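*Asks:* Below is the structure I would like to discuss, written out as structure tokens.
Bear in mind these aren't lab numbers, they're just calculated from the coordinates by the rules spelled out. Computed from a prediction, not measured in an experiment: that's the story for all the values here. Cβ placement follows ideal geometry from the backbone for every residue including glycine, while neighbour counts extend to all protein chains displayed.
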Amino acid sequence: MTDQIEALNRQFSLAGQLHFQAGENGQPMVKIDNGLATAAVYLHGAHITAFQPRGSEPVLWMSPLAQFQADKAIRGGVPVIWPWFGPHATDSDKPQHGFARTAEWRVGATEALADGSTQLQLVLNDTSVTRALWPHVFSLSLLVTVGEELNIELTCCNTGEQAFTVGAALHSYFAIGDINQVSVDGLQGCEYIDQLDGDQIKLQDEALRISQEVDRIYLDTEATCVIHDERDDAQLSRQIQIKKTGSRSTVVWNPWAEKAKAMGDFSDDGYQQMLCIETANAGDDVRLLLPGEVHSLSQIISVLGD
Ligand code: BG6
């Protein structure tokens, strides 16, 4: 075991529920296993790669071809998108979706909560590397609470002396039985930016069903979404609920066959078993933070059963 992992275990492990170990490619990860659920979180990107409540199938989809490399985001789980969503507004050389998902985060704290759930706080501050990409002074924290539900709270504070604007997303990849038999409730009546059709604004008039590539930013919505997974063989017949705060935009993404094939870290037929519903600050829902101001974006994921 590396010195780093030993040191993390000495300072932050929680007997019987949380420890650190070497994950894929030796990258440090946190394993949580309490009476309510199991979960895994990489320090690279503060990236949750697994959540499984007791008695349920895995809730998050992970690409079997995910790469665990210092300069890459992990494909699947919950990438943390920050401080901009999508391509950088003015400089296409800057990384898509910001730098938080490829940064090495530090452990802030761990705690066993009275209700049996386990809490992990990861933190990220500006460095010369982040300031070269984005010239601002900040502190960012991801608080992950693993219980029957998975609660994820991304909080940023403007610790500098200049105002800044942030975009963000908890870019969650959900595991589903069959994309053709899934519907998503909660977005009916919303307008969305269709990122595959010249950013036209369109209306979602009924529950969302997906039968082709989708890449949409739903606007002005604080609604809870429910994925109804209705596969006939009932193996994954369940509902996944995503409740959110601090967000007025929700992104829905599925690359479908052709784009999946074109991505080196995405299995060819993986698009059939995943759907991204992203709790976001995207589109015009970016947030202005004056010096000293704080913004939290959070989501609670739960499995509602058959
Ligand atoms: C979604 C975007 O949030 O993420 C899509 O709306 C993008 O446009 C997708 O293709 C995946 O992005 P990436 O950078 O992880 O391949």
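*Asks:* Is the shape of region 236-306 best called rounded, prolate or oblate, per the rule: a/c under 1.5 gives rounded, else a/b larger than b/c gives prolate, else oblate, with a ≥ b ≥ c the square roots of the Cα gyration tensor eigenvalues? Show your work: numbers first, answer last.
*Replies:* On the way: a/c = 3.33, a/b = 1.51, b/c = 2.21.
Oblate shape, in that a/c is at least 1.5 and b/c is the bigger or equal ratio.
*Asks:* Would you work out if region 132-245 is rounded, prolate or oblate? Take a ≥ b ≥ c from the square roots of the eigenvalues of the alpha-carbon gyration tensor; rounded if a/c is under 1.5, else prolate when a/b is larger than b/c, oblate otherwise. Don't skip to the end; give the middle numbers.
*Replies:* On the way: a/c = 2.55, a/b = 1.50, b/c = 1.70.
Note, shape of region 132-245 comes out oblate.
*Asks:* Please work out whether region 178-265 counts as rounded, prolate or oblate from its C-alpha gyration tensor, where a ≥ b ≥ c are the square roots of the eigenvalues and a/c under 1.5 means rounded, while otherwise a/b larger than b/c means prolate and anything else oblate?
*Replies:* On the way: a/c = 1.77, a/b = 1.09, b/c = 1.61.
Note, shape of region 178-265 comes out oblate.
*Asks:* Moving on to the next point. Can you list the aspartates and glutamates whose alpha carbon sits under 16 Å from that of Lys72, skipping same-chain ones fewer than 8 residues off?
*Replies:* The reachable aspartates and glutamates, counting only those whose Cα sits under 16 Å from Lys72, are Glu24, Asp93, Glu104, Asp265.
*Asks:* Turning to a different aspect of this structure: How long are the semi-axes of the equivalent ellipsoid of the chain, taking √(5λ) for every eigenvalue λ of the Cα gyration tensor, in whole Å from largest down? Working shown, then result.
*Replies:* Working: eigenvalues 154, 125, 67 Å².
Semi-axes, largest first: 28, 25, 18 Å.
*Asks:* For Ser63, Ser247, what ranking results if the residue with the fewest other Cβ atoms within 10 Å of its Cβ goes first? Write down the numbers at each step before the final one.
*Replies:* Numbers: Ser63 19, Ser247 23.
So the ranking, lowest neighbour count to highest, is Ser63, Ser247.
*Asks:* Explain nothing, just the number: relative contact order of the chain, from Cα pairs under 8 Å at least 6 residues apart, as a whole percent. The partial results should precede the final answer.
*Replies:* Details: 822 pairs, mean separation 51.2, N = 306.
Across the chain, relative contact order equals 17 percent.
*Asks:* Rank these for me by crowding, Arg101, Arg106, going from fewest to most other beta carbons within 10 Å.
*Replies:* Details: Arg101 22, Arg106 13.
Going from least to most buried by this count: Arg106, Arg101.
*Asks:* Next up: Counting other C-beta atoms within 10 Å, which of His295, His44 has the fewest, and how do the rest follow? The partial results should precede the final answer.
*Replies:* Numbers: His295 16, His44 23.
Result, fewest neighbours first: His295, His44.
*Asks:* Report the Cα centroid-to-centroid distance between region 165-199 and region 1-68 in angstrom, as an integer.
*Replies:* Computed from Cα coordinates, the inter-centre distance equals 27 Å.
*Asks:* Something else now. Order 202-211, 77-86, 220-229 from most to least packed using the mean count of other Cβ atoms within 10 Å. Walk me through the numbers on the way to the answer.
*Replies:* Working: 202-211: 13.2, 77-86: 25.8, 220-229: 18.7.
Most protected by this proxy first, the peptides run 77-86, 220-229, 202-211.
*Asks:* At 7 Å along Cα-to-Cβ for each site, give me the label-to-label distance between Glu24 and Gln188 in nm.
*Replies:* 3.8
*Asks:* Using only DSSP helix segments of four residues or longer, with each worth -39500 (n - 2.57), what per-residue ellipticity at 222 nm results for the chain after dividing by its residue count and rounding to 500?
*Replies:* Mean residue ellipticity at 222 nm (helix-derived): -2000 deg cm²/dmol.
*Asks:* Here is a follow-up. Could you give the size of the charge dipole of region 148-306 about its Cα centre, using +1 on the Cβ of each K and R and -1 on the Cβ of each D and E, expressed in debye and rounded to the nearest 20? Can you show the working numbers first?
*Replies:* Details: 11 positive and 29 negative charges, 59 e Å.
For region 148-306, the charge dipole is close to 280 debye.
*Asks:* If each residue of separation counts as 0.36 nm, what is the full-extension length gain between Ala109 and Thr38 once their alpha-carbon separation is subtracted? Please list the in-between numbers first.
*Replies:* Details: separation 71, 0.36 × 71 = 25.56 nm, distance 1.83 nm.
Gain in length upon complete extension: 23.7 nm.
*Asks:* On a full-extension model of 0.36 nm per residue, what is the gain between Asp197 and Lys72, subtracting their alpha-carbon distance, rounded to one decimal in nm? Write out the running numbers ahead of the final one.
*Replies:* On the way: separation 125, 0.36 × 125 = 45.00 nm, distance 2.78 nm.
Fully extending the segment from Asp197 to Lys72 adds 42.2 nm.
*Asks:* With charges only on Cβ, +1 for K and R and -1 for D and E, what is the dipole size of the chain about its Cα centre, in debye, rounded to 20?
*Replies:* On the way: 20 positive and 41 negative charges, 155 e Å.
Dipole of the chain, to the nearest 20 debye: 740 debye.
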